[in-house]
Structures are given as C-alpha cells and as structure tokens.
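One structure is given here, and the rest of the page talks about it.
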There are 2 protein chains.
Amino acid sequence: MKLARRRPWTNAFSTEALCTRILERHRDSIRVQKPRLAVANLARIIGATLTLSNKQGFHATTLRQLAEASGLSMGGLYTYIDSKPRLLSMILGEVAATATEVLTAPPDDVRNDAHKHLDWIIATHIRMSEAMQPWFVFAFMEAKSFPPAERQRAIDMEAMTEKIIADVLRQGVASGAFTIDHVGLTASLIKPLLQDWYVKRAKYRKRGTSIDGYIDGVGSFVGAALSSGGRANGRTSGRAGLRPKQLAHP
Amino acid sequence: MKLARRRPWTNAFSTEALCTRILERHRDSIRVQKPRLAVANLARIIGATLTLSNKQGFHATTLRQLAEASGLSMGGLYTYIDSKPRLLSMILGEVAATATEVLTAPPDDVRNDAHKHLDWIIATHIRMSEAMQPWFVFAFMEAKSFPPAERQRAIDMEAMTEKIIADVLRQGVASGAFTIDHVGLTASLIKPLLQDWYVKRAKYRKRGTSIDGYIDGVGSFVGAALSSGGRANGRTSGRAGLRPKQLAHP
DNA sequence: AAAAAACGAGCGAGCGCTCTCTCAGAAAAT
DNA sequence: ATTTTCTGAGAGAGCGCTCGCTCGTTTTTT
C-alpha cells in the first residue's frame, strides 16, 4: 500500500495486482488453494497468453505453447483454468472492470469544468491503456471472435466510454465551453483517437512519439475542433455532395 | 465498361472486378484455365473467406467451411489456391493495390487547394472502404497475425496513407490554410477517424449514422481542428503535467 | 476420346483436454 | 526428535478429434 502510493499506476495495473482480482473473480474454477502461489502462476500464465496472443492471435496460441512459456506442464495449466475460453473471459473481464472503475471516478476538481474533464478523460484513458497495453490490445483484437457473452461485454464497454465522453461534451455545450453539432457522433470520433495509442503502439514507438506528446496532441486536436465555432455549419450540403463522378479505379 | 460508367464505384470495387485482378496477379498458382469460370469461383471462394473470417477470424476458418460456403469440394478448392496463406496474400495484396491506386490519383481540381484536397481524401477513403468493407475489415483485423511479407505490406500501406495526408497538411500550412504544430502526429490522428467507419461499422449502422453524415462529421471535426489557431500552443506543459496524483484504482 | 475440372475419402500432424502418477513438505503419531 | 501419514501441486503420455492438404477417380466440357 505504501509502495502503491509512490508509483500508483505502475502498481495498481501490474499483472500481479490484476491477477489478484482475477483470482477472486474466478475462485471456483481455480483448483490451487494457496493464494500467493496461485497469483504468481496466474500472472505467468496470463502474461504468456497476452504476449503470444498479441503476436499470433488467441486462437492460434496453443495450450502447449502456453504451458512452456509459463513454465508449467499441460496438467499444471489445467489446475488454473478449466478451459481455453476461460482465459479469454478472465482477461476481458478484468479489462472491462478496470476501465469502468477508473473512468467513472473523475477527481472532484474536474467535474464542473468540461474542458478539464475532457482533458482528464483523454489523459487517463491513454495512460491507463499504456499501463495495461497488452491487455487492451488483446481485448480490442480478440473481442470480435468469441462467445456472445464476451462479445456483448466488449460492445457495452465501448458504449460506456462513449457515453462518458458524450456526457462531458453535452455539459460543455450547455456551459458554452464547446460548440458541437452532433454530440453523439463527435464522441464516437474521439474514441478512436484514444484507442490508436495502443492499437498502433509499435508505430508511435518507432516514430519516437512520447506518451505526453500523444496526450498533448490529442488534447490540442480535440480541443481545437470543439472550441472553434467557425466551420461546423453551412458546409454540410456541399461536403456530402463530394461524390465520385468518374471511374476512379481502372 | 458502359455499365461501369453508370455506377462506377459499385462496379469497380465489386468482388468480381477485384477477383479479375487477383486472377491476373496469381495466374501461376490457379490451375483452372478458363478465365470466366476462374473469376466466378474465385469470387465465391474469396467472398466466403471474407464473410467467415470477419465473423470468426481467418485462422479459425477451416477449408472445409470454405469449401461448403463456396459450393466447391475440398479438392475443387485446391485448384484455385495452393495453400491457405495464399488466400490471405490474395486479399491483402488486392486491398493494398486498390487503396494505393485510388488515393494517389486525386482529381486535378483538388490538388492546389489543401482544404478541398483533404476533404477529397477523407470522402474518398471512407467511400472506398465502404464499397470494399469486408476487404478492409479483413486487412485491418488479420494483418497482425501473418507472415512477415504480408505484415510489412500492411505497415507500408498505413505509412503511405499517412504520408499522403501529411503532405496535404504541409501544403495547407505553407499556403496558410491550416495551423498545425506537429504535422506528422496530426496526420496520424486523422487516419483512425477514417478507419473507424469500417472497423466499427456495426455500431454506426445500429445508430443510424449515414455514410454522408459520417464523412461530414469527420470533415467538420478535422476542419475545425486545423483551422483554429487558438488552442494549439501554450497549453503544452500544463497538459503534459496532467498526471495521476493518487491511486485511481482501488 | 481427350482434356479440364471437380470430387471426397484419406493421410499425418497437431489440437484441446484428461487422467494417472510422482513427490515435496505439512500434519499427525510415536 | 523421529517416523509415518496425508495432501495438493505438478508432470506428461495419451485420448478423440479436426486440421490443412493430397490424390486416384468420376463428371463435365470440348
């Protein structure tokens, strides 16, 4: 706890911390009794799952690879999980729970200032996804291809994030801080800007973009788009008319 | 050809048209001789591949499913492809080639006006990805998990799109049309706005957002962000300082 | 009848998962 | 303190099954 205060994010989002919560949530399907041991091995199993799945996909990752990478045997693995889909459920559930908790608890000094609140959401989402990068990448890439229950959870999570953004935008419009034509659509456009940081992490790393630089870039970009009243109206019909008039493809 | 003039996009990006080009590109690995027959069956095979892969992932899609869905037998399938990875190569190659051709050929009346050029890129990219939606979704979702050569092609494609956007932004800055601090980063932020339309197509469909509405929304959003000179500077240090100061995660 | 195309049973490899077995170390008995 | 018993964690061979892919045969086209 005292250590957690020093490096709050790094510790609260460490694989060990997250696996502690996973152990609680999946007590009944984990046959190992001793908590310290269970968390340590869960962390290795899930760490291996994230590493391998983000490289080659979850479906292509075999339990034998997982066993070797986590230093357990096939049988050992199955004292921690009762099926392969369970691994998916553990990871998606933890990402969804953490993201929801973090984003629905903005600090008090931010709640009444739409600009500051939006900046807080941007910075917090990006920093959280950085601290849990493999987890977020996994949730984003694999969510489409698995059981209905997990699929729905991913959709709900996306909707929740957007609702949080939309609420702040509406508040900003009401207080005169923002000028926005379509709040819902605008919220939808902000979301992928937050996701790009972890979805295309390799690109930004190669390019030398720092996380502070990225947060700043998104903040400025979004801020400028919402503050200027100039261009949003009037061009609508002209723009929608921009349709292909000739064969663009030989 | 005459029909193509009437509905240029629908036809130029039809599965048949794209498969005609695939047949040319992969002549040596397709054992069927008659072009009309080959294109027709290729279209059914690739159509089935896109449908099934976008539902459950390429790796999880079996050749038996593919055979049944395309109305061929296992053996019949193998007169059109010589391996499963080849299917991947066919699709990724066609998406890359088409996207490159379309985006590098802007109409003349647009080249000298940064605003109009950017609007053209936005509208064209979104409309193209709409006409080829399953293809783009496939390329986006599967690119990460396959052989180095294809992986690199996906990265190059991403880089190309960004370069095209960045060049227009630079031109706009030079002509005074835009006010931008970091052209490279800004181009990176516009890209995911174009991709969101096909990556999260289901969401927008459910919400009733039309393609014209989306193009308009992105155009307004980006336009406003680039035109306002107000907010981009000065807040940098303040924003980057927005760091977590306490445990946000219990 | 010759050639081209399609068929589908069958192959070996490798999958998720199970099951019996071992063994270190804690608990109980001496 | 020593011995015995018990137990839960882990090992790894093996099960049934499905995978990508092949190939001798049949059907269709020319």
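The values are calculated or read from the model by the stated rules, or taken from the named source; none is laboratory data. Keep in mind that this is a model prediction, so the values were computed, not measured. Every residue, glycine among them, receives a Cβ derived from its backbone with ideal geometry; neighbour counts consider all protein chains shown.
Observations on the model:
- Matching residues, segment A:6-31, being within 16 Å of DNA strand C (Cβ to nearest atom) and in contact with a helix residue (DSSP H, G or I) (Cβ under 7 Å, 6 or more places away or on another chain): A:His26, A:Ser29, A:Ile30
- The combined condition, being of a type in the set (Ser, Thr, Tyr) and touching a Lys or Arg at 6+ places or on another chain (Cβ under 8 Å), is not fulfilled by A:Ser14.
- Residue count for segment A:77-112 under the criterion of being part of a loop (DSSP other than H, G, I, E, B), within 14 Å of chain B (Cβ to nearest Cβ) and not small (Gly, Ala, Ser): the result is 3.
- Test for A:Gly93: is it in contact (Cβ under 8 Å) with a residue 40 or more places away in the chain, surrounded by 15 or more Cβ atoms within 10 Å (Cβ to Cβ) and farther than 28 Å from A:Ile164 by Cα: no
- Filter result (near DNA strand D (Cβ under 8 Å from one of its atoms) and out of contact with any helix residue (DSSP H, G or I) (no Cβ under 9 Å at 6 or more places or on another chain)) within segment A:32-46: A:Gln33, A:Lys34, A:Leu37
- So B:Thr79, is it touching a helix residue (DSSP H, G or I) at 6+ places or on another chain (Cβ under 8 Å), among the hydroxyl-bearing types (Ser, Thr, Tyr) and over 25 Å from A:Glu142 (Cβ atoms): no
- Residue in segment A:47-67 that is farthest from B:Lys144 (Cα to Cα), counting only those that are within 14 Å of DNA strand D (Cβ to nearest atom) and in contact (Cβ under 8 Å) with a residue 40 or more places away in the chain: A:His59
- Unique match (being crowded, with 16+ Cβ neighbours inside 10 Å, more than 22 Å from the chain's Cα centre (by Cα) and within 11 Å of chain A (Cβ to nearest Cβ)) among B:Ala17, B:Ala60, B:Ala67: B:Ala60
- Remark: A:Ser228 matches the filter, which requires a residue to be modelled with pLDDT under 95 and either of a type in the set (S, T, N, Q) or in contact with a Leu (Cβ under 7 Å, 6 or more places away or on another chain) (or both).
To keep it simple, each residue is scored yes or no on (1) in contact with a Phe, Trp or Tyr (Cβ under 7 Å, 6 or more places away or on another chain); (2) surrounded by 17 or more Cβ atoms within 10 Å (Cβ to Cβ).
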| position | (1), (2) |
| --- | --- |
| B:Trp120 | no, yes |
| B:Arg127 | yes, yes |
| B:Phe140 | no, yes |
| B:Arg151 | no, no |
| B:Ala154 | no, yes |
| B:Thr161 | no, yes |
| B:Ala166 | no, yes |
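- Qualifying residue in segment A:42-61 (condition: among the basic types (Lys, Arg), near DNA strand C (Cβ under 8 Å from one of its atoms), modelled with pLDDT under 95 and assigned to a helix (DSSP H, G or I)): no
- In segment B:20-34, of all residues being surrounded by 14 or more Cβ atoms within 10 Å (Cβ to Cβ) and farther than 19 Å from B:Thr98 by Cβ, the one that is nearest to the chain's Cα centre (by Cα) corresponds to B:Ile30.
- Taken over segment B:25-45, the criterion of being out of contact with any Cys (no Cβ under 6 Å at 6 or more places or on another chain) and of a type outside the set (D, E, K, R) is satisfied by B:His26, B:Ser29, B:Ile30, B:Val32, B:Gln33, B:Pro35, B:Leu37, B:Ala38, B:Ala40, B:Asn41, B:Ile45.
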